[in-house]
Amino acid sequence: MLLLNDVTERQREAITYVEGPLLVVAGAGSGKTRVITRRIGYLMSQGVNPYNILAITFTNKAADEMYDRVKQFSAHKGLWISTFHKMCSRILRCNIDRLGYSRDFSIYDTLDQLNQIKSIMAELQLDTSQWKPGKIAASISNAKNKLVNPDAFTTTASGYYNRIVAQIYTKYQGRLKINNGLDFDDLLVKTIELFKIYPDILEMYQEKFKFILVDEYQDTNYAQYIITQLLANRYKNICVTGDPDQSIYGWRGADIRNIMDFEKDYPDARVVLLEQNYRSTKHILHAASSVIKNNIFRKRKDLWTENPLGDKIKVIYCEDEHVEAEEVAKTIRGLKEKNVKYSGIALFYRTNAQSRVLEIFLRNYGIPYTIIGGVEFYQRKEIKDTLAYLRLCVNPNDEIALERTINTPTRGIGNATVKKLKDWAIMNNATLFNATQRINLIPEIGAKASAAIKCFLELVLNLRKLQKLTVEDVVKHVIKETRYIEFLEGSGEKDSKDRIANIEELVNAAHEYDMNNLDGTLQGFLEDVALVSDVDELEGDMDSVTLMTLHTAKGLEFPIVFITGMEEGLLPHSESRHSDEEIEEERRLCYVGITRAMKELYITHAKRRMRYGQMNSSVPSRFLDEIPREIMDEIDRVNHQSFDIYKTESGSRKDIFSGTNLDLDTFVSSGKASYITDVKSKEDYILFSSGDVIKHPVFGVGRILEVSGSNEKASAKVSFNIGGVKHLMLAYARLEKVK
C-alpha cells in the first residue's frame, strides 16, 4: 500500500492503529506530519467515511498543508481539517441560535474587545490610567479559558481589583450579547456551553466525528482540552500527537499537563514513541538531548539518528552585541563563499529587540535577510510611533508624524476630529500643526476634543525644547512624557513585553549614536535612521537569511542555524527565573531552537550587552553548561584587555615603539598617531592618524580627516562614503583599519 511505503515500524504502528485512543509522542524531526496525514489516508482506505474524521491543528497554514497532503492519497469530501477556533465557529454558525444569538454573529478581534472594555470603564467612571484596560481584558480572557463565567467570577471574586473586573466582565458579556458578537475566547466557550446545555447537539457531533486527530496536543489550553474530551467521549477514537519537550506556549495558556496526563484520561491508550530523527546530525541531536534531559517534568524518549556525525557545535564568545552581530555576519559571508545558500541559514533570538544590531551588520555585509513573525526594527509600530514624536521635535510641520502621534497613545482625538483639522488646514492654506494652534477658530470641534488637542499641542511644544540634550536623553524624555510604555502595558496585546523591549532598544540605538557622534544632533540621528530603514523590499523568492524569534521557529528546519544571545536573562529570560516550571519551559525553548538545525549549529554569547542605554555584564546561559564540551568548538572573540595594560609600575603610561620606551601621551601629542587600542603585544598596536582609511560597523568605509585628544578621550573626524562626516569617540567607535 502506497500509504505504508517508506515508513518505519513505529510510524506504521501509529498509522495503522485504527480504533481506540492513541498517543503519538513525536520527537523533533521524527516525521510527525507524515504520520498524521497518512493515518487520515489509512482510515479512509479502511472504509472510514471522511465525513466522520476531524483533524485539528494550530494554524491555518498547517491545516492547508495537511489537507493538500491528504488529497494525494484518497477522496476527501466531507473531511474537516481545521484549527480549534475555525471548527468552533463552524459549529456555532449552525447552532448558536439555541443560545439566543443570531447565526450571523460578529467576531470581535483584540482591538474591538479593548474598545468595548474602555467604553464600559467610561460608563463606570473608571480612570484608564489607574485601571489598565489591557490588564482587565487579559483577566477576562484568562477567566474564559478556565471556563469561569461572569456569575461564577463575581461569586468568587476576592479583593477590590477582582470585584471591579467582575463588574466589567458582567457588563462586557452583556454588551457582546446585545451586539450579537463573540470574541475569540467565546468561540471556544460558547461551543462548550452549547454541548453541555444541549446534549442532542453534542451527540450529533460525536456521531459525526467518530475519529478525531489533534496535532500539537501539548499546546492545547483548558477550553480546547474540554472540547476534545466532549467530542471523543462516545467512541474514544482519539489520536493526539505532540512532544512535551516542545511545549513552549505556557505564557498564552497552553497546559503541558494535557499531553502528560493523556494516559490517565484514557487508561487503555496505545502509546507510540517516534524517536528516530531524520533532520539533524548526531552532534546536534546529542546537544539537544543533553539539554532537555535536565527537565524533570517530561516523557522520556531517546532520540537517535542514522545521519552523519556532522560538525561540532560552534560556540562563539563575544565582547558585546556588536561583536556578536559582526561575527554572525562574517560567518554567514564565509558560508556564502562556500556556495551555501542564504535561504538555508536562520538566525534565532529570544526577543524581537535583539534583531536591531543583527540587521545593521547584515546590511553592512550586504547580506539579504527576511524577518519572519515581525518587521524590521525601524518599521515596527512602536518604533515608528516614537520616531514620529522625535520628528515633531525637529519639525512640527511634519504632517505624517503629527497625524501618527495625535491620538497615540489614545487621548480622545478621534478620526473625525482629525479630519476636521485637516479640512480647516486645507481651506486656510495652513499646516496641520497650524490647525492645532488655531483650534478656537474651528467651531465644528467640540469642547472635549478641543481640550485634548490643546494638551497634545502643549506636549509637542515642550518636547521641542529638548533638542539641545543628547539624543539618548531626548528619546528617554519622549518615552516618559508620552507615557508610551504605560500605554503598551495597558494595551492587552500578547506581545506588549516585546514591544517595550523594542522601545528600550531604541534608547540603546540613541546611546550608540551619541557615543559615535560627539557633535551629533537629533536631526542627524533621524537622518541616519531614515538611511538605515530605506531598504528595498526583498522579493519573496529571493535568496535571503531568515530572522525570527525562537517561539516563531517551532515547526521549521534549516541546514544552518545561529542561536544568538545565549545568556542568563535572555535565554532563560529574566522573567522566567522565579519558578522551576518557567525555567523548564525556557529549556524547552532552547531545545526547540537546537533541533531546528539540520547540519550546522552556531551559538553566540556576549560578555556585555546594552540595556536601556546602560552596558551590563552578561554570563553564559546555564543551558550552555548542559552541552558536553567534547562536542563543542569554542571560539573566543572577547577582548580581555583594558587601558590599564598601558600603565607601568610607576603609574605612567608607557609603550615600546621601535624597541624603545616612549611615553604614550608624548607619542600621541607628537601627531604621529592619535589612538592605540586592543593592545596585546607590539604587533597588535592599531594606530589611527589623518588620512587612514577605516571601516565602521554602522557607517561602513570612511577616511580619517583629523584626530584630537588622547588615550580614552581620543576622537576622530571621519568622512564616510555613506553617511557623511562623523565625529567619533575612538573608545566606542570600533574602527578597523582598511589596508
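Rule-based calculations on the coordinates, nothing more; no lab input. Note that this is a predicted model, so its numbers are computed, not measured. Every residue, glycine as well, gets a Cβ built from its backbone with ideal geometry; the counts of neighbours run over all protein chains shown.
So here's what we get for this one:
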item: Stretchable slack from Ala447 to Glu504, in nm (0.36 nm times residue separation minus alpha-carbon distance); result: 16.9 nm
item: Helix-only [θ]222 nm of the chain, DSSP H runs n ≥ 4, -39500 (n - 2.57) each, per residue, nearest 500; result: -13000 deg cm²/dmol
item: Neighbour-limited loop hits for trypsin sites (Lys or Arg not before Pro), region 340-405 (at most 14 other Cβ within 10 Å; DSSP other than H, G, I, E, B); result: Lys341
item: Where the Cα pairs of the chain fall when distances are cut into 10 Å bins, in %; result: 2, 12, 19, 21, 20, 14, 8, 3, 1, 0
item: Among Phe433, Tyr172, Thr220 - extreme Cα towards positive end, dipole of the chain, charges at beta-carbon; result: Tyr172
item: Estimated FRET transfer efficiency when R0 is 60 angstrom, pair Ala731-Leu457 (beta carbons, to 0.05); result: 0.90
item: Loop sites in region 239-326: trypsin sites (Lys or Arg not before Pro), DSSP, at most 11 other Cβ within 10 Å; result: Arg300
item: Estimated distance in nm for a label pair at Leu4 and Asn294, the labels positioned 7 Å out from Cα along Cα-to-Cβ; result: 4.4 nm
item: Where N is the number of residues in region 194-340, Cα Rg divided by 2.2 N^0.38 Å; result: 1.49
item: Efficiency of FRET from Cβ geometry, Asp200 and Asp104, R₀ 22 Å, rounded to 0.05; result: 0.45
item: Whole-Hz couplings from phi, Karplus 6.51/-1.76/1.60, listed for region 342-355; x for Gly and Pro; result: 4, 5, x, 10, 10, 10, 10, 8, 7, 10, 4, 4, 5, 6
item: At most 12 other Cβ within 10 Å, DSSP loop - GluC sites (Glu not before Pro), region 259-322; result: Glu306
item: Nearest-ten-degree value, helix 133-145 long axis tilted from longest Cα axis of the chain; result: 30 degrees
item: Arg333-Asn49 pseudo-label distance in nm [points 7 Å out on the Cα-to-Cβ vector]; result: 6.5 nm
item: Segments 614-627, 177-190 sorted - mean Cβ within 10 Å per residue, highest first; result: 177-190, 614-627
item: Other-chain or far-sequence residues with amide H under 5 Å of Met610's (modelled H); result: Glu321, Asn616
item: Amide N of region 357-379 lying under 19 Å from the label point, which is placed 7 angstrom from the Cα of Asp68 along Cα→Cβ; result: 373
item: 13 Å cut-off, amide nitrogen to a point 7 angstrom out along Glu575 Cα→Cβ, residues in region 104-142; result: 135
item: Backbone N within region 171-194 under 13 Å of label point (7 Å from Leu230 Cα along the Cβ vector); result: 186-194
item: Degrees, to the nearest 10: 321-337 long Cα axis against longest axis of the chain; result: 80 degrees
item: Dipole magnitude (debye, nearest 20) for region 425-496, charges at Cβ of Lys, Arg, Asp, Glu; result: 320 debye
item: Projected label distance in nm at Leu518 and Leu124, using a 7 Å step from Cα toward the beta-carbon; result: 5.8 nm
item: Added length on full extension, which subtracts the Cα-Cα distance from 0.36 nm per residue, Met632 to Gln467; result: 54.4 nm
item: P(r) of region 1-156 over all Cα-Cα pairs, binned every 5 Å from zero, in whole percent; result: 1, 7, 12, 13, 15, 10, 9, 10, 8, 6, 4, 2, 1, 0
item: Derived scalar couplings ³J(HN,Hα) [region 727-736; Karplus, 6.51 cos²θ - 1.76 cosθ + 1.60; whole Hz; x for Gly, Pro]; result: 10, 10, 7, 5, 5, 10, 6, 6, 6, 10
item: Built amide H within the under 5 Å cut-off of Val315, gap 5+; result: Ile603, Asp633, Glu634, Ile635
item: Dipole in debye (nearest 20) - the chain, about Cα centre, beta carbon charges: Lys, Arg +1; Asp, Glu -1; result: 1280 debye
item: For region 318-368, size of Cβ-based charge dipole, Lys and Arg +1, Asp and Glu -1, in debye; result: 380 debye
item: Over 22 Å (Cα to Cα) - which of Lys301/Lys554; Lys144/Lys196; Lys301/Lys494; Lys86/Lys144; Lys330/Lys717; Lys144/Lys236 fall in this group; result: Lys301/Lys494; Lys330/Lys717; Lys144/Lys236
